[in-house]
Amino acid sequence: MAATTDADDLRALLSEQSDEFLMAKTLDSDLHFAFELQMQEAIDASLASQPSASTLAPFTSPASLPEGEIDDSVLGVAAKLMLDDVQIVTQQLVDQEKCQAEMEKTLEDLDRRIFDQKFAWEIFNIPEDEWKNYGDNFHRPYYNDGASSSSSSSLSLRSPSLQTENFKLYFKGLVSEERFRDIRVVVASAGIAICDSRDYLIFEVKKPLEAVESGGLVLSSECAELQALIEGLDMAFGLGLQRLSIFFDDSVLYNYVIGIESKSNGKLAGLVNQVSHLQKKFVSCVPCLVGRNDIKYAFKSARDSIVSQITWSEETDNSKIMKETCVICFEDTDAGKIFSVDDCLHRYCFSCMKKHVEVKVLNGMMASCPHDGCKSEVKLESCKKFLAPELVEVIGQRIKESAIPVTEKVYCPFPRCSALMSKHEVLEYSKTCFVGAEQLGARKCMKCLQFFCINCAGPWHSNMNCHDYKRSNHYLQAEDTKLKSLAASRRWRQCVKCNHIVELTEGCYHITCRCGYEFCYTCGAEWKNKKATCSCPIWDERNIIR
């Protein structure tokens, strides 16, 4: 109430001063007009006594000046300046009241969201039986402490959750070199996310930063990070939060803020001091070090702000579309056809990403982000936007192959299937339809549903062992004989752990199989602790020097 009274008194005082300035200006104008009339009468009388004299132009009084002309009298100019100052102060007062009203609305919305999330969490944890019996009677009114929303102008006085709950502040400052049409530009942005104690997002800010400092210097990534942190602390304090945990994904900045390391750079040291000053405004403000994935909210907000600075609208026949320049092909592309890598959020057009992923797949590799030095993986689900379904299936198979350890891989022996499975999953699947599958070695393919033997990798033979089965099938015995003969002639070695055949093309005789087993290529003896257990030579000059 006191703040409202002061504002009313100030507005009344400004109104009185404005009226006094207008009266003074009017009085000055009237006096000046009377003086000019007397002068005009004297001139007319003088001209009447001298008819041959040249006629003077009639005088125009200040009162008859056209609209928009400036009264250049000293008092008129002073009054005008004072009136301008009064109008400025009055407008500032109006703007301040609007800002206060918007902040009140924001705080109330924030408090309501916190209340709703807590209430939803309580409902979620109610046992099912209790909910069935008493769920219809379960309620929790907003501001159930009995305080009226109009009892105080300060929301923090009637919102204990803003003072007692420990909130989480995630922040990210980015500096990136992008392409805007035909020029390269450096843009910077800050992303801020404030979450409650259960990590639910309750407030988010994305804001551009000045990428080029005075003197033409580019803003450093460390300064951008600290500026984002300062924005976040200012925002949290403005929202009335009292307890805060700050999450860093950069150990260097974390050490700066907690005081383990100091920086001689004047600007960086000043930003660190500013952060320390802001921390003291909170009841509790604890810095924490986390990984990049833990600040995903703030990172996405910062990248969105970067994108907003490098896109532009272009008019078409029917509507406006947003355009963005691909940094690979330099083509201006519809922003809807720009692909964003999930983890790092670097952006490229569909055409360039399609070529990039296809080349990686053809070379037997998984595709990563094309940005120089970025190791973010391009996820399969995202590739469906620009890849053919057949290629998506191939990539999915590659991902599955890389996810299963070599010693766990099992392929269906039937040529028309050849499905890849892991030993564990196919065993669990076979147990549901075959009694004693683990002891007997019988497995059921999860794709073609045919039974096979895990020991000899052939069709299931229930009435004989693997040796008798191979002897009874002459074509299998002939195939084994051919393979053994070829291996002997080429001097191949078979890993005793996973049974894969290894060929030495160059290098030493110390072999590390893809299953991790280490052995001597000459005699097959195992290597232990990176040392040979046999007396064979370690290398041959012909295999070392080509």
Quiz prompt | Selection count, the range 176-218, where residues are part of a strand (DSSP E or B), more than 27 Å from Leu239 (Cβ to Cβ) and not charged (D, E, K, R) | solution = 8
Practice problem: State whether one or more residues within the range 87-103 are touching a Ser or Thr at 6+ places or on another chain (Cβ under 7 Å), surrounded by 14 or more Cβ atoms within 10 Å (Cβ to Cβ) and at pLDDT 70 or above. | Solution: no
Quiz item: Inside the range 427-461, can you point out the residues that are crowded, with 18+ Cβ neighbours inside 10 Å and among the hydroxyl-bearing types (Ser, Thr, Tyr)?
Solution: Ser430
Practice problem: Output the residues belonging to the range 309-329 that are closer than 15 Å to Asp182 by Cα and under 24 Å from the mean Cα position of the chain (by Cα). | Solution: Gln309, Ile310, Thr311, Trp312, Lys323, Glu324, Thr325, Cys326, Val327, Ile328
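Residue by residue, here is whether (1) more than 20 Å from the chain's Cα centre (by Cα); (2) of a type outside the set (Gly, Ala, Ser); (3) closer than 20 Å to Cys195 by Cβ; (4) not assigned by TED's automatic domain parsing to the domain that holds Phe299 holds:
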| position | (1), (2), (3), (4) |
| --- | --- |
| Ala224 | no, no, no, no |
| Met235 | no, yes, yes, no |
| Val257 | yes, yes, yes, no |
| Cys288 | no, yes, yes, no |
Quiz item: Taking the condition among the charged types (D, E, K, R), exposed (fewer than 11 other Cβ atoms within 10 Å of the Cβ) and more than 30 Å from Glu526 (Cβ to Cβ), does Arg471 pass?
Solution: no
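One line per residue, one yes/no per condition, for (1) modelled with pLDDT of 85 or more; (2) more than 30 Å from Gln227 (Cα to Cα):
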residue	(1), (2)
Ser284	yes, no
Glu358	yes, yes
Gly364	no, yes
Ser368	yes, yes
Quiz item: Checking Phe282 against (1) part of a helix (DSSP H, G or I); (2) closer than 15 Å to Ser245 by Cα; (3) among the aromatic types (Phe, Trp, Tyr), which test does it fail?
Solution: (1)
Quiz item: Does any residue of the range 255-274 turn out to be within 22 Å of Ser305 (Cα to Cα) and in contact with a Lys or Arg (Cβ under 8 Å, 6 or more places away or on another chain)?
Solution: no
Self-check item: Filter result (among the small types (Gly, Ala, Ser) and either closer than 11 Å to Val341 by Cα or surrounded by 13 or more Cβ atoms within 10 Å (Cβ to Cβ) (or both)) within the range 361-389
Solution: Ala367, Ser368, Ser376, Ser382
Exercise. Select, from Glu231, Glu261, the only residue that is out of contact with any Pro (no Cβ under 6 Å at 6 or more places or on another chain), surrounded by fewer than 18 Cβ atoms within 10 Å (Cβ to Cβ) and not aromatic (Phe, Trp, Tyr).
Key: Glu261
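The values are calculated or read from the model by the stated rules, or taken from the named source; none is laboratory data. Predicted model, so just to flag it, every value in this text is computed and none were measured. Glycine also receives a Cβ, built like all others from the backbone with ideal geometry; neighbour counts cover every protein chain displayed.
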